[in-house]
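Presented below is the structure to which this report refers.
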Amino acid sequence: MPHPSITAETYPHKPAFIMGASGEMVTYRQLDDRSNQAAQLFRSLGLKPGDHVGMMLENNRQFLEIIWAAQRAGIIYTPISTHLKKDETAYILENCGATMFIGSHALAEVAEELIVEPGSVEHFYMVGGIRPGFESWEEATDRQPVERIADECNGAAMLYSSGTTGKPKGIFVAEYDQDVNTPPMLVPSIGVLFGFGEETVYLSPAPLYHAAPLHYNMMALYNGGTSIIMEKYDAQLALKLIEEHRVTHSQWVPIMFTRMLKLPKEVREAYDMSSMQVAIHAAAPCPVDVKEKMIDWWGEIIFEYYASSEGIGFTLIDSATWLQHKGSVGVAIVGDLHIVDDDGREMPPGENGTVYFGGDQARFHYHNEPNKTAEAYNEAGWATTGDVGYVDEEGYLYLTDRKNFTIISGGVNIYPQEIENVLAAHDKVADVAVFGVPNEEYGEEVKAVVEPLNWADATDETAIEILEWLRERISHIKMPRSLDFNEKLPRMDNGKLYKRHLVEHYRGAARSDDKP
């Protein structure tokens, strides 16, 4: 599993990655040279191993060039969501102690505001153009030599949680080896598990600032493969790229499956999917109906895993096994799985509780938030990220929901994810969020907010139709008391629903007696 610099010597003209829509190609030689130049720039500015760089970029050529420069210069790097505003971005930069910020001209509106109160940031650079207070990244790196820096060592990512239940938290797991040629633990373990190698052509449809797309693209390049990186997800374009580039591996989130399945049948069947060997999905629970249809379409090549940026556990399930345990995210292959109730008691199979992992998995910390880290561990030393679920008699894990989103109505626990999974199967539903709102009698009641496939269907008649359809499929206890429509739900590009904003909006409206 060579460092890309070794592949650059062996196969200098091989594509390291190709941008999906534009077709722009970067060879291994170009990636090596440009990452060397950027590493030289870091050193010329006084950045040393362990220093921190923040970056806010859309999916573009420079993204991976900067990441690989940081990797070989011992820099801790934090890609920041392109959806964040000035205050949120400034918080992350200050929290991680970044001394350099690299922004994008396409996102200049937010980047420019950071100049006013720079905090810890001393150096501001911009990709794709410049604005006042920023230097051109391309011009600065072009002036640097292409030779390797003398003190290469492994850098590492420090990614921030999406902040769905509070302020974003910086999650840091230190590299176990500082040798720049030693890949992260993910590469020799998960890379081998999914068959990554020199012949791999990996389709990456999600934003690179998320953990899985970032790490899996790096894994593809550590193995000497080629990445096809979509600038922005488009269901039909994804199918076109699979056929055009003979993609062998890919990674998805369930909402992407849903959007491909809702393409007209003649569009879905127009593209050749036969090159695909492994399709991986994670990040959010996949409705059973959606996954059944994907396996029927693509065959038994779909793998699902459950993990977290904290690195505290890992479950895995293949298609054949999933068909025998529908809805499961698999058995633990890293860490020991435990289901624990609110009193700290371990629950038997079939009983819901908080999902914990024990064992020798990687220890992590939330940057600058020691109390948050302590809350993640119980007295036994098991760790959790707050998900709720249960295991069956054979040890297969089924996720129910996030603990923070559990609805307690009349003393009964209701898990929104179950309701969302059913509603997602309705023909007129593109996306859905279910959560609790105040109820004087029961404490909370169930609320559903639907993003319709066609906005013309956002009518009272359609709402009644959907609720009547749902009533035939779930218990009356779980039925939403009301259903609203929203043109676009706040779902992150990593597949996670940014539900906190919806919850705050509706609960705030309930407090003020105003209908949202």
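The values are calculated or read from the model by the stated rules, or taken from the named source; none is laboratory data. Worth saying up front: this structure is predicted, and the values here are computed from it rather than measured. In this analysis, Cβ positions are derived from the backbone assuming ideal geometry, glycine residues included, and neighbour counts consider all displayed protein chains.
Things to note:
- Output for region 284-309, where each listed residue is in contact with an Asp or Glu (Cβ under 9 Å, 6 or more places away or on another chain) and either buried (at least 20 other Cβ atoms within 10 Å of the Cβ) or closer than 18 Å to Pro213 by Cβ (or both): Pro285, Cys286, Pro287, Lys291, Ile302, Phe303, Glu304, Tyr306, Ser308
- Flag for Ala425 being within 24 Å of Tyr398 (Cα to Cα), in a strand (DSSP E or B) and at pLDDT below 95: no
- Scanning region 229-277 for residues being part of a helix (DSSP H, G or I) and aromatic (Phe, Trp, Tyr) gives a total of 1.
- Residue within region 87-110 that is within 25 Å of Leu497 (Cα to Cα) and in contact with a His (Cβ under 8 Å, 6 or more places away or on another chain) present: yes
- Pairs linking a residue in region 320-347 that is part of a loop (DSSP other than H, G, I, E, B) to a residue that is among the basic types (Lys, Arg), with Cβ atoms under 9 Å and 6 or more positions apart or on different chains, are Lys326/Lys291; Gly327/Lys291.
- Tally of residues being part of a strand (DSSP E or B), closer than 16 Å to Val253 by Cα and at pLDDT below 95 across region 303-314: 2
- Taking (1) out of contact with any strand residue (DSSP E or B) (no Cβ under 9 Å at 6 or more places or on another chain); (2) within 18 Å of Leu31 (Cα to Cα) in turn, Thr200 satisfies each apart from (1).
- Strands (runs of 3 or more DSSP E) enclosed by region 84-200 - at least 1 residues per element that are under 19 Å from the mean Cα position of the chain (by Cα): 156-160, 170-172
- Residue match in region 53-61 (condition: part of a helix (DSSP H, G or I), in the same structural domain as Ile115 (by TED's automatic domain parsing) and within 20 Å of the chain's Cα centre (by Cα)): yes
- Any hit, region 168-182, residues being in contact with a Lys or Arg (Cβ under 7 Å, 6 or more places away or on another chain), surrounded by 21 or more Cβ atoms within 10 Å (Cβ to Cβ), in contact (Cβ under 8 Å) with a residue 40 or more places away in the chain and closer than 30 Å to Thr406 by Cβ: yes
- Of the set (1) in the same structural domain as Ala157 (by TED's automatic domain parsing); (2) part of a loop (DSSP other than H, G, I, E, B), all apply to Leu41 but (2).
- Count of region 440-469 residues which are surrounded by 15 or more Cβ atoms within 10 Å (Cβ to Cβ), free of Cβ contacts under 8 Å to residues at least 24 places away in the same chain and either of a type in the set (Gly, Ala, Ser) or not assigned by TED's automatic domain parsing to the domain that holds Val503 (or both): 1
- Scan of region 399-421 for residues that are in a strand (DSSP E or B) and surrounded by fewer than 19 Cβ atoms within 10 Å (Cβ to Cβ), ordered by number: Ile408, Ser409, Val412, Asn413
- Counting residues in region 280-302 that are touching a Gly at 6+ places or on another chain (Cβ under 9 Å), free of Cβ contacts under 8 Å to residues at least 40 places away in the same chain, part of a loop (DSSP other than H, G, I, E, B) and aliphatic (A, V, I, L, M) gives zero.
- Within region 354-384, considering residues that are over 24 Å from the mean Cα position of the chain (by Cα) and at pLDDT 70 or above, the one surrounded by the fewest Cβ atoms within 10 Å (Cβ to Cβ): Glu379
- In this structure, Arg43 qualifies as touching a residue at least 24 places away in the same chain (Cβ under 8 Å) and over 20 Å from the mean Cα position of the chain (by Cα).
- Qualifying residue in region 183-200 (condition: touching a Pro at 6+ places or on another chain (Cβ under 6 Å), closer than 23 Å to Ser275 by Cα and surrounded by 22 or more Cβ atoms within 10 Å (Cβ to Cβ)): no
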